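Undergrad: I have a structure here, written as structure tokens, and I will follow up with some questions on it.
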Amino acid sequence: MDDEELAGALSAAVRGDAAAFAVLWRALQPALLRYLRVIVDEAAEDVASETWLQAARDLRSFAGEPPAFRVWLFRIARHRAIDERRRARRRPEEPQDLTDQDLAASAPDAAAEVIQRSDTDWALSVIASLPKDQAEAVTLRVVAGLDVAQTAQVLGKRPGAVRIAAMRGLRRLAGHAEVQARRAAIRPSLGLNSARPEGV
């Protein structure tokens, strides 16, 4: 969805139109979840829900265009993620022993396994392995599609610092062992290391 279409939904949502708010959610939820999966891992769904609840509560006071709304939404998400990390440190969850019956009842279905092993999940887990500032900069720039100025606003940093963090993160990703292994595995399937053409 482009910014012109999003602008109409945004102005209607600010006026209280629930259907327009749903349009905003459908347009921005995938990128928001990807960002949060890098930042808070398994708590991403919960933090995204808290983000949208706060956005719904505070939307009437928002004034601006879609790019400003993206910054506003991702700032809310970042603050909710920071709260979640603090909560997790204060009250770490204690693992419980599961019985065979519990394991059988919680066995994932085939669709969940496919989603869990998808390329997106793999890419986000590799990005999450970066230092925190680089992971956030890369995720907001590449995954969420924010520009340098918007990313700087979300992170509360100068644009130059964002550029450097994103550049370092991308360089580190390029040298990551898993990324290089995947690249090497993909090359033969694309015919990049193929044998000589027939007849030569």
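The values are calculated or read from the model by the stated rules, or taken from the named source; none is laboratory data. Owing to the predicted nature of the structure, the values given are computational and were not obtained by experimental measurement. Positions of Cβ are generated from backbone atoms using ideal geometry, with glycine treated the same way; all protein chains shown enter the neighbour counts. Note: areas computed on protein heavy atoms with side chains; ligands, DNA, RNA excluded. Shrake-Rupley method; radii C 1.70, N 1.55, O 1.52, S 1.80 Å.
Undergrad: Taking the solvent-accessible surface of protein heavy atoms with a 1.4 Å probe, what is the per residue accessible area of the range 1-61 in Å²?
TA: Working: 3280 Å² over 61 residues.
So the range 1-61 comes to 54 Å² accessible per residue, rounded to a whole number.
Undergrad: Additional query: Taking all protein chains together and a probe of 1.4 Å, list MET1, MET167 from the most accessible to the least accessible. Mind dumping the intermediate values first?
TA: Working: MET1 125, MET167 85 Å².
The most accessible residue leads, giving MET1, MET167.
Undergrad: Which trypsin sites (Lys or Arg not before Pro) does the range 1-61 hold that lie in a coil by DSSP with at most 11 other beta carbons within 10 Å? Walk me through the intermediate numbers first.
TA: Working: sites: ARG15, ARG26, ARG34, ARG37, ARG57, ARG60; in loops: ARG15.
Loop-located and lightly packed - ARG15.
Undergrad: Follow-up question, since we're still on this one. With all protein chains present, how much of the accessible area of the range 131-172 (probe radius 1.4 Å) comes from carbon and sulfur, to the nearest whole percent? Don't skip to the answer; put the middle values down first.
TA: Details: 1100 of 2120 Å².
The nonpolar share, carbon plus sulfur, comes to 52 percent.
Undergrad: Counting only protein heavy atoms, what percent of the accessible surface of the range 24-84 is carbon or sulfur at a 1.4 Å probe? If you can, show how the numbers build up before the last one.
TA: On the way: 1350 of 2880 Å².
Solvent-exposed carbon and sulfur of the range 24-84 make up 47 percent of the total.
Undergrad: Provide the net charge surrounding SER61, with neighbours chosen by a C-beta distance below 15 Å and charges set as Lys +1, Arg +1, Asp -1, Glu -1.
TA: Working: positive: ARG15, ARG57, ARG60, ARG75; negative: ASP58.
Residues close to SER61 contribute a combined charge of +3.
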